[in-house]
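To start, the structure itself, in structure tokens.
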Amino acid sequence: MAQEVRGVIAPGKDEPVRVETIVVPDPGPGEAVVKIQACGVCHTDLHYKQGGINDDFPFLLGHEAAGIVESVGAGVTEVAPGDFVILNWRAVCGQCRACLRGRPWYCFNTHNAKQKMTLKDGTELSPALGIGAFAEKTLVAAGQCTKVDPAVSPAVAGLLGCGVMAGIGAAINTGNVGRGDTVAVIGCGGVGDAAIAGSRLAGAAKIIAVDIDDRKLATAEKLGATHTVNSRTTDPVEAIRELTGGFGADVVIEAVGRPETYTQAFYARDLAGTVVLVGVPTPDMKLELPLIDVFGRGGALKSSWYGDCLPSRDFPMLIDLHLQGRLDLGAFVSETIALDDIEAAFERMHHGDVLRSVVTF
């Protein structure tokens, strides 16, 4: 029987979000209904609200979430009612060319729930990243549920559903940061700080945080940065080279998503070094680099989508590291808020006042 719950929708481009009654159907084959316990306020949700993703309004916002599986549909074996799970937006198919080559983190056919959640009048909702977790309950594909140790706080666990996993994965999975490496991270928001934490976890010897906001640089130091550079007043390329013996960093992670900062990352890496783009650019942005420099400097230019993560592998591992005290995921939670406070949380995020606001239920 369908259920009615409270959820936050974006009704139209740049319109204020509002809390509405959402109709959640019973799970069909391969689907699950999850009772949400916590959901982070991510910049991607703001992009949806602003029409920056697509125009399939109204959106049911929220995707960085954790909760309890309430019910499952036919054929679901990977999770069961009562399981504590983190939701992910890349449910791998197991059958595409990437999966069959043993690279499921590149899956080309990820899937979501087939049924639609609606408003009470029957208006179909577009769930953000196929999840829609700014709601008391949501309907997802069962493959979007990753079971983890229930000892962890839901407010902490949910962050792996998007931003924190993207940053940690950019360092560990995409950048292959290793023991003794030098790393520079340009942009110290939630994703950039997670890349710093991931680099520290991987054993990097020197981690250089770059941003234009001293508040963010202070937070970056708490999460593992050994050096900071305010690029508003200092040339970051020269500063990074100076801190690395004149050579540049082994890995430079660009967590802003702008041509200017990507160019800085390109020239701040050592010869044969790696640049990882995890910041999300807009469709109109273009990059121009001398091709001779691309050729002559060697190395690798990579993009990192969701931190090249495999949720079934990475989520439980990172939760275990957190519970062991080796990865402070709690440091990313700036505040916990109610469902009605999301519009104000977007403002605080836009002004750089918080690392992560987390809605708790």
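The values are calculated or read from the model by the stated rules, or taken from the named source; none is laboratory data. All of these numbers come straight from a predicted model, not from anything done at the bench. Neighbour counts run over all protein chains shown; Cβ positions are idealised from the backbone, glycine included. Surface areas here come from the heavy atoms of the whole protein model, side chains and all, with no ligands, DNA or RNA. Shrake-Rupley method; radii C 1.70, N 1.55, O 1.52, S 1.80 Å.
No other residue among 191, 185, 177 is more than 15 Å from residue 248 (Cα to Cα) and either among the basic types (Lys, Arg) or at pLDDT 95 or above (or both) apart from 191.
Residues checked against (1) out of contact with any Ser or Thr (no Cβ under 7 Å at 6 or more places or on another chain); (2) closer than 27 Å to residue 346 by Cα; (3) in contact (Cβ under 8 Å) with a residue 24 or more places away in the chain:
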| position | (1), (2), (3) |
| --- | --- |
| 6 | no, yes, yes |
| 20 | yes, yes, yes |
| 59 | no, yes, yes |
| 62 | yes, yes, yes |
| 78 | yes, no, yes |
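For the residues 248, 257, 198, 187, the requirement of being within 23 Å of residue 352 (Cβ to Cβ) and in contact with a helix residue (DSSP H, G or I) (Cβ under 6 Å, 6 or more places away or on another chain) singles out 198. Taking segment 337-349 as the range and being open to solvent by 70 Å² or more (accessible area, probe 1.4 Å) and either within 18 Å of the chain's Cα centre (by Cα) or over 18 Å from residue 190 (Cα atoms) (or both) as the test, only 340 passes.
So, in segment 334-361, how many residues would count as being in a helix (DSSP H, G or I), small (Gly, Ala, Ser) and over 13 Å from residue 40 (Cα atoms)? Can you show your working first?
Residues of segment 334-361 in a helix (DSSP H, G or I): 339-350.
Now narrow it down to the ones that are small (Gly, Ala, Ser): 344-345.
Filter once more, keeping what is over 13 Å from residue 40 (Cα atoms): 344.
Of the residues in segment 334-361, 1 are in a helix (DSSP H, G or I), small (Gly, Ala, Ser) and over 13 Å from residue 40 (Cα atoms).
Among the residues in segment 58-67, are any more than 18 Å from the chain's Cα centre (by Cα) and open to solvent by 30 Å² or more (accessible area, probe 1.4 Å)? Looking through segment 58-67, none of the residues is more than 18 Å from the chain's Cα centre (by Cα) and open to solvent by 30 Å² or more (accessible area, probe 1.4 Å).
Looking at the structure I just gave you, is residue 77 open to solvent by 20 Å² or more (accessible area, probe 1.4 Å), out of contact with any Gly (no Cβ under 7 Å at 6 or more places or on another chain) and among the hydroxyl-bearing types (Ser, Thr, Tyr)?
Working: open to solvent by 20 Å² or more (accessible area, probe 1.4 Å): yes; out of contact with any Gly (no Cβ under 7 Å at 6 or more places or on another chain): yes; among the hydroxyl-bearing types (Ser, Thr, Tyr): yes.
Yes; evaluated as a whole, the condition is true for this residue.
None of 314, 320, 308 is among the acidic types (Asp, Glu), within 21 Å of residue 37 (Cβ to Cβ) and open to solvent by less than 40 Å² (accessible area, probe 1.4 Å) except 314. A single member of 229, 237 is open to solvent by less than 60 Å² (accessible area, probe 1.4 Å), closer than 21 Å to residue 206 by Cβ and touching a Pro at 6+ places or on another chain (Cβ under 9 Å), and it is 229.
Does any residue of segment 266-274 turn out to be buried (at least 23 other Cβ atoms within 10 Å of the Cβ) and among the small types (Gly, Ala, Ser)? Checked segment 266-274: at least one residue is buried (at least 23 other Cβ atoms within 10 Å of the Cβ) and among the small types (Gly, Ala, Ser).
Among the residues making up segment 13-44, those that are at pLDDT below 95 and open to solvent by less than 50 Å² (accessible area, probe 1.4 Å) are 42, 44.
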